Structure formats: C-alpha cells, structure tokens
Amino acid sequence: MRGAVAGLAVASMTLAGTLPSAMAQDQDEVLATLNGEPITRRDLDMTLNDLQDQLGQVPEEGRDAAALTALVDIRALARRAQEEGLDETEDFKSRLEFLRQRALHNAYFKAEVLDKITDEDVRARYDKEVAATPPENEVRARHILVETEDEAKAIIAELDKGADFETLAKEKSTGPSGPAGGDLGYFSRGRMVPEFEEAAFALDVGAYTEEPVQTQFGWHVIKVEDKRAVQPPAFAEVENQIRSVMLRERYFDLLNSLRDEAKVEVSDPALKDAYDKAMSAQQPPQPQQ
C-alpha cells in the first residue's frame, strides 16, 4: 500500500470554482438589491466560491456580509465601466470569451467527472489498492554509531559478555538516537541506507550484528527489537487522496479523448515545436476557476 498511498499523496487536484455550495437555502431568494437589481442567494454563493481565497479568512458568521460587500463593489465598478464603454473594447471581449469558455469547462468537468465519482467508487478503489499491495514487514531497531571499526568491534565484544545494548547506545553512540538508547522506531524497506537496511532485515528479533556495519555515516552495531507486518492506512485517512487521484485520472482521460478529436494547427514554427513537446511531456492542466 506504501507505493499506492505515496502516489495518492502526490496527485492532489485544484477544484476551485467547481464545487457546489453546501448551503441549502433557496438559490433564487432575493437577499438585497443594487440600484433596483436583485442580489440572490445564488449570486452570494457564487461570490463566496469565486473569492474563497480572500473570504475564507473571514469568520463564518461574517462571510455573507463580506461577500455582499464585495459583490456590491464589483457591480458598481462594472456598471461604471459599462457606462464608459469599456465592455466594447476588443481586450474586454476577448477576456469575456475566455472566461465564458473557462466557466463552461468547469461546468462540464463537474457534470462529467466530479458528480460521477461516488463514495462507493472511492471505497472500491481503496479495497483494490489494498488487495493489490504485497505484504510487507517493518522492523524496530536500535543502533550504536561510532567512528571506527575497532570501536564497533569493542562494543560487540561487550554485548557478547552480556552488556545492555540500550545502555551502551546512551554511553557510546555518536548518532542523534543515542540519548534514546539508539531506538530508531519502526521502519520499512527503503527508509534506511542499503547497507543498514540489509543488515537490519537479516537479523532475528533480539539479535544484534556480529560484525560492524559500515555506511556513509560511520560504523554501526544494530539490534532488532521487533518485526511486524505493515498495516495499510485506514480508509478514512486516505479517502480524500484517493478521490483526488480518481478525479485527476478521469479528468485526464476526458481531456485526452477530446484532444484526439481536436484539430490544432500552429503556424509559428517555434511555438509549434514547443507545443508539440509540451503535449508529449506534460499532463493536462488541472481544472480551475
């Protein structure tokens, strides 16, 4: 499960602007007017969603008022801009068309991807990942780190005579775990440098290395305190990560199918070369508002 969960952690998605409001009020309820034009619950919720980075810092009880203030400011400035003809400029028209297409992009993403992934789908994916993950063990080990091989051999000789490993670690280890008796806690394969890992996993519980183990950090004497099977994370711990991975996968699948249908012609040679390289090397952009 380790690799699967690591992959899940890396695959988080940005879904700003795609999530429906959690509020259950009547969306057509008129909450205020501006110059006679109604401001509805839907208008307020869209403002809260679109400005969530700014309004998210406002205490919950004050967010509606903050959203209304922002919306009044936006509409007042927009009205003045329209009176001055700014909505007739080519720059504005291009920007408006871009925003229209972006909003349609997010609406389609919500309808075809976000709303179609159920809780049952997420649970089934978790069960599949757990079933496909090979059993893996982890060990709990202590070690004593010293600078020379002779020092390590002398420590092993003391252990052979019955000395306590934890006490020797506190007295002699130069590593950061020394004050804790050399305790490294539990670790699985891939967490330690190869030489240390190989020696630790080869030991039986209660055994220590009969020969010093050299790594880039110095010379080690290692003792294994326990071994156990690695347990997969609970579903609740990774549910959101799994959902994000599934959203990302389905979004990419959808975009790839649409890209196959799209006919893109780039006239600028340098841009065409860069575009072709980007398309072959990069994943599609994540949906945003």
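Every number in this text was worked out from the coordinates using simple rules, so none of it is lab data. Since this is a predicted model, take the numbers as computed values, not measurements. With ideal geometry, Cβ positions are generated from the backbone for all residues, glycine too; neighbour counts draw on all protein chains shown.
Relative to the first principal axis of the alpha-carbon coordinates of the chain, what is the inclination of helix 235-261, with its axis defined by its Cα atoms, in degrees from 0 to 90 and to the nearest 10?
With rounding to tens, the tilt is 50 degrees.
What number, rounded to the nearest 500 deg cm²/dmol, is the helix-based mean residue ellipticity at 222 nm of the chain, given -39500 (n - 2.57) per DSSP H run of at least four residues and division by all its residues? Please list the in-between numbers first.
Details: 11 runs with 150 residues, N = 289.
Only helices count here, giving -16500 deg cm²/dmol.
Cα-Cα pairs above 24 Å in the range 137-229: how many percent? All intermediate terms of the calculation are to be shown ahead of the outcome.
Numbers: 382 of 4278 pairs.
Across the range 137-229, Cα pairs with separations above 24 Å total 9 percent.
Give the residue list of trypsin sites (Lys or Arg not before Pro) in the range 136-170 that are DSSP loop and have at most 11 other beta-carbon atoms within 10 angstrom. Write down the numbers at each step before the final one.
On the way: sites: ARG140, ARG142, LYS153, LYS161, LYS170; in loops: LYS161.
Here the trypsin sites (Lys or Arg not before Pro) that fit, given the DSSP loop and packing criteria, are LYS161.
For the range 63-125, what class follows from the C-alpha gyration tensor (a ≥ b ≥ c being the square roots of its eigenvalues): rounded when a/c is under 1.5, otherwise prolate if a/b is larger than b/c, else oblate?
On the way: a/c = 6.67, a/b = 1.88, b/c = 3.54.
It comes out oblate by the Cα gyration axes.
Kindly provide the GluC sites (Glu not before Pro) of the range 83-161 that DSSP labels as loop, not H, G, I, E or B, and whose Cβ sees at most 12 other Cβ atoms within 10 Å.
GLU84, GLU147
How are the Cα pair distances of the chain distributed, in percent, across 10 Å bins from 0?
Spelled out bin by bin, the chain gives 5, 17, 18, 16, 15, 13, 10, 5, 1, 0 percent.
Considering only PHE109, VAL205, THR174, whose Cα is most displaced toward the positive end of the charge dipole of the range 109-228, charges sitting on Cβ of Lys, Arg (+1) and Asp, Glu (-1)?
The listed residue farthest towards the positive side: PHE109.
Rounding to the nearest 10 and keeping the result within 0 to 90°, find how far the Cα-based axis of helix 90-112 lies from the longest principal axis of the chain.
On a 0 to 90 degree scale, this one is about 60.
Eight or more residues apart or on different chains, and alpha-carbon atoms under 24 Å: count the Lys pairs in the chain matching that.
13
Does anyone have the angle between helix 149-160 and the longest principal axis of the chain? Alpha-carbon axes, 0 to 90°, nearest 10?
70
Amide H neighbours of LEU31 under 5 Å, counting only residues 5+ apart in sequence or on other chains, H built in-plane at 1.01 Å?
For LEU31, the qualifying residues are ILE39, THR40, ARG41.
What size of dipole, in debye to the nearest 20, comes out for the range 137-229 about its Cα centre when the only charges are +1 on Lys and Arg C-beta atoms and -1 on Asp and Glu C-beta atoms?
It works out to roughly 380 debye.
Taking a quarter of the surface of the convex hull around the Cα atoms of the range 149-193, what do you get in nm²? Please list the in-between numbers first.
Details: hull surface 15.3 nm².
Mean orientational projected area (the range 149-193, Cα hull): 3.8 nm².
List the GluC sites (Glu not before Pro) in the range 190-267 that DSSP assigns to loop (not H, G, I, E or B) and whose Cβ has at most 11 other Cβ atoms within 10 Å. Which are they? Write down the numbers at each step before the final one.
Working: sites: GLU195, GLU197, GLU198, GLU210, GLU225, GLU237, GLU239, GLU249, GLU261, GLU265; in loops: GLU210, GLU265.
Of the GluC sites (Glu not before Pro), the ones in loops of the range 190-267 whose Cβ has at most 11 other Cβ atoms within 10 Å are GLU210, GLU265.
State to the nearest 20 debye the size of the charge dipole of the chain about its Cα centre, where the only charges are +1 on K and R beta carbons and -1 on D and E beta carbons. Mind dumping the intermediate values first?
Numbers: 34 positive and 56 negative charges, 64 e Å.
Once rounded to the nearest 20, the dipole reads 300 debye.
What do the square roots of 5 times the Cα gyration tensor eigenvalues come to for the range 228-281, in whole Å, largest first, as semi-axes of the equivalent ellipsoid? Let's see the in-between values first.
Values: eigenvalues 308, 39, 12 Å².
Square roots of five times the eigenvalues give 39, 14, 8 Å.
Could you please state, rounded to a whole Å, how far the C-alpha centre of the range 257-283 is from the C-alpha centre of the range 191-212?
One Cα centre to the other: 52 Å.
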